[in-house]
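A short worksheet on the structure shown next.
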Amino acid sequence: MKLLRFMALLEGSSLLLLLLVAVPLKRLMGIPEAVQIIGPIHGLLFIAFNALLIAAMLKKQVTIKQYLLGFVASLIPVGTFVYKMKVLNKIEAN
């Protein structure tokens, strides 16, 4: 569960970095390399987070509802931060 919580932070951070740094650099300053570097890193972290989430569901560490909330959270900027605070930290505390 610790790895899933850590991955939630990494995935959320990579999405924010992509949206708030790389995309503006590409669009406003004509530096597409930022997206070319950060984009695949975020994609890998997104896949890893969701794979860990599926594994946690299969191990019955999270319910199907908690899994679905995590998946939706991974699509929304800062969503995984909220998911970690509201869902994963409570599971870890129990």
If the requirement is being among the aliphatic types (A, V, I, L, M), under 20 Å from L19 (Cα atoms) and in contact with a Phe, Trp or Tyr (Cβ under 9 Å, 6 or more places away or on another chain), which of these qualifies: V78, V82, V72? V72
Scan the range 62-79 and tell me whether some residue there is farther than 14 Å from L10 by Cβ and polar (S, T, N, Q). yes
List the number of the failed condition for F71; all other conditions in (1) at pLDDT below 95; (2) touching a Leu at 6+ places or on another chain (Cβ under 7 Å) hold. (1)
Selection count where residues are surrounded by 20 or more Cβ atoms within 10 Å (Cβ to Cβ) and among the β-branched types (V, I, T), scope the range 41-86: 2
Scan I47, I31 and give me the residue that is out of contact with any Gly (no Cβ under 6 Å at 6 or more places or on another chain) and not in a helix (DSSP H, G or I). I31
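The values are calculated or read from the model by the stated rules, or taken from the named source; none is laboratory data. Just so it is clear, the structure is predicted and the values come from calculations on it, not from any experiment. Backbone-built Cβ (ideal geometry, glycine too); neighbour counts: all protein chains shown.
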